[in-house]
Structure formats: structure tokens, C-alpha cells
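Asker: Questions regarding the structure given below will be posed in turn.
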Ligand SMILES: Cc1cc2nc3c(=O)[nH]c(=O)nc-3n(C[C@H](O)[C@H](O)[C@H](O)COP(=O)(O)O)c2cc1C
């Protein structure tokens, strides 16, 4: 018998639990010649803002031991170009499209969310709460429970789509923030976004990134992601969770599922192996079959 990989995150239903993470797979279409897009659990777009953005000046990526540091700065074509040019072609694949919403002000998050909600073919919205808040000198929205609640509540008013709040790991205790997001109307939580860091080049005696500070991702952050996921699982046992951070193998994905993730996202590893998400989904099926387990939901949250 073929194991059942389908998962339901509230109203968001996926054929398998392996998604590609925001910002690491373009808008999905960029990979159509390399990857069978119909085999992905869902495609998360790069974060979309109201106006097109060029992002930060280069260098904006640096390699680090077991990971990378990036400061792309939300480069994107803007929400309208996405809706007019990309979305009609992307939705033909029939894979759920999760649109990542970004903003420098709460009003911008709301405007972007409203436009995406009116478009045809968006399965859910994912709020990137790691955006710098203009009104607070660039602090991430997602490091503060009240700011998190304000963004989520404002977007909740503006959309009927399933709403995912993507949390920042750059906090001491993530649980009050997770609770604030759910109380304000988030249906699903996704964690984690990148971990703040800097890198210095000892030869040139310069920061490696033009913007100095970047976000760390890749295998180095996996234990941090697992830690936050595990803590949120304990404090919000009913909320569907998406685990992301350092996943580059079937076993990595299993670790998140065993700790309670309904689904996982693959980010940095797409740069090494664009077909990885598809292969991890196949590997999960093989793991279940080998162990005589009939569905992926049967093992979810079994490590406590
Ligand atoms: C180059 C790059 C760009 C990213 N862009 C976004 C983005 O636009 N929006 C977002 O929510 N997260 C973005 N992320 C964060 C990833 O979606 C993911 O949360 C993080 O990298 C941890 O997962 P990973 O270790 O598998 O990469 C980006 C990450 C990288 C490496």
C-alpha cells in the first residue's frame, strides 16, 4: 500500500508536507525546467511588497560554515506584477501557491494581502514578520508580541484566506509571540525565519555584507529551528505548524515532523539541489513504507 502523505493544516490541504521556502525558490516558475512543480506540497513565493524593490546593494550573500548569511532586502517585482504576470502561469501547475506578504508598515502588509486575496489561485498567505518596522527604527515586527498581534490582526481583517504567521527566531522566548499571532487570527504558524548574524573578512578587514547584518540559514540553524518548534508545539498543541530551518535530507524533515510539524519547508538547500523538496517527499513515502506506517500524520508529534 502506498503511504498517505496528504496533510491538512486547517483549511490548507497539501498533497504532501514538503514545501519550498520563501525567497529560496524565486516565484516557482524559475525552476519549472529543473523541478516537477506538480510534486511539491506547496510553493511559497518570495516575499511580495506593494512596490517593486531592488533589494540591498551587493555583496548581499556570504557563505558561512554549514550555512549562509543573506541580506537580499526583499528584492521582488511588486505584488501587482506578480498577480498579472506570474500567478496566471504558476497556478496552471495545480500546486498550492502560498504568497509571502511583506511590508515596512502595517498598512503595506494590509494592502499587499488585500490584492493577493482578490487574485485567483492563491491558497494561503504567509506573513513575513521578519521585515524591518520603519516606525521602530528597523526592528523586526516578529520580535515583539504586540507588534506581531497588530500585523496579524490587521491582515486578518483584510483576508479570508488561510493565514500563516512566519515567526522570527531572534527572540529569547518565542511562545508569547506565537500565542499573540494565534490570538490575533493566524491559522498556522511557520518557524523559523533567518537568524541574525554578521560575517567579517579578516583579509580585507571589511564586513562581508554591504549591509553588515544578515540572516543566517542552512544546516547551522536546524537545532535552533527544532528548539523553537518544540517549544511552540508545547504551548499551542492545536495550532498547525510548519517547520523550516536547515532541512537538507529526509531525516531532517522527519525530525521536524516527529516534533510536531504538520509540514516542512526547504530553503537554502534548494540552492545546492533544486530537486530536493521533491526527493524529500519521495523519501518520506519510502520511510513510511519501510516501517509499515500508513500515513505521515501517524508519526507527527510522536517525540515529546
Ligand atoms: C537567499 C534567501 C532569501 C530569503 N528570502 C525570504 C523571503 O523573501 N521571505 C521570507 O519569509 N523568508 C525568506 N528567507 C528565509 C527562508 O524562507 C527560511 O525561513 C530560512 O532560510 C531558514 O530555512 P533554510 O535554513 O532551509 O534556508 C530567505 C532565505 C534565504 C537564504
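Bear in mind these aren't lab numbers, they're just calculated from the coordinates by the rules spelled out. Treat the numbers as computed from the prediction; the structure is a model and nothing was measured. Cβ atoms come from the backbone with ideal geometry, glycine included; neighbour counts cover every protein chain shown.
Asker: What number, rounded to the nearest 500 deg cm²/dmol, is the helix-based mean residue ellipticity at 222 nm of the chain, given -39500 (n - 2.57) per DSSP H run of at least four residues and division by all its residues?
Answerer: -8000 deg cm²/dmol
Asker: I would also like to ask the following. Using square roots of five times the C-alpha gyration tensor eigenvalues, list the equivalent-ellipsoid semi-axes of region 45-115 in whole Å, biggest first.
Answerer: Taking √(5λ) for each eigenvalue gives 24, 17, 11 Å, largest first.
Asker: Starting from the Kirkwood radius over alpha-carbon pairs of region 122-185, derive D by Stokes-Einstein at 4 °C in a medium of 1.567 mPa s and give it in µm² s⁻¹.
Answerer: After rounding, the answer is 110 µm²/s.
Asker: Which percent, to the nearest 5, of DSSP beta bridges fully inside the chain are antiparallel?
Answerer: 40
Asker: With a ≥ b ≥ c the root eigenvalues of the C-alpha gyration tensor of region 179-304, is it rounded (a/c under 1.5), prolate (a/b larger than b/c) or oblate?
Answerer: Here region 179-304 falls in the oblate category.
Asker: A further question follows. What is the order of 212, 115, fewest Cβ neighbours within 10 Å to most?
Answerer: Least to most surrounded, the residues fall as 212, 115.
Asker: Could you sort the peptides 119-125, 245-251 by per-residue average Cβ neighbour count (10 Å cutoff), highest mean leading?
Answerer: Ranked from most to least packed, the peptides come out as 245-251, 119-125.
Asker: Which order do 77, 201 fall in if you start with the one that has the fewest other Cβ atoms within 10 Å?
Answerer: Going from sparsest to densest Cβ surroundings: 201, 77.
Asker: Another question, then. Tell me the relative contact order for the chain as a rounded percent, counting alpha carbon contacts under 8 Å between residues six or more apart.
Answerer: 21
Asker: Still on this structure, I have one more. For region 167-304, what is the percent of antiparallel DSSP beta bridges, rounded to the nearest 5?
Answerer: So the antiparallel bridges in region 167-304 amount to around 45 percent.
Asker: Percent relative contact order of region 1-134, based on C-alpha pairs within less than 8 angstrom and at least six residues apart?
Answerer: 23
Asker: Let me know the shape class of region 99-152, please: from the alpha-carbon gyration tensor, a ≥ b ≥ c as square roots of the eigenvalues, rounded when a/c is under 1.5, otherwise prolate if a/b is greater than b/c, or oblate.
Answerer: Cα axes put region 99-152 in the prolate bin.
Asker: Given region 5-159, what whole percent of its Cα pairs are spread farther than 23 Å?
Answerer: Here the tail beyond 23 Å accounts for 40 percent of pairs.
Asker: In whole Å and largest first, what semi-axes does the C-alpha gyration tensor of region 246-304 yield when each eigenvalue is scaled by 5 and square-rooted?
Answerer: Those come to 20, 13, 7 Å.
Asker: Now a separate question. What fraction of the Cα pairs in the chain, stated in percent, has a spacing above 36 angstrom?
Answerer: It works out to 10 percent of all Cα pairs.
Asker: How are the C-alpha pair distances of region 187-237 spread across 5 Å bins, as whole percents from the shortest bin up?
Answerer: That works out to 4, 17, 21, 16, 15, 10, 7, 5, 3, 1, in percent per bin.
Asker: When the scattering of region 149-201 is computed by the Debye formula from its Cα atoms alone, each counted once and equally, what is log10 I(q)/I(0) at q = 0.28, 0.32 Å⁻¹?
Answerer: -1.10, -1.27
Asker: While we're looking at this one, here's another question. Find the Cα radius of gyration of region 92-244, compare it with 2.2 N^0.38 Å by division, and give the number to two decimals.
Answerer: Cα-based Rg divided by the globular estimate yields 1.09.
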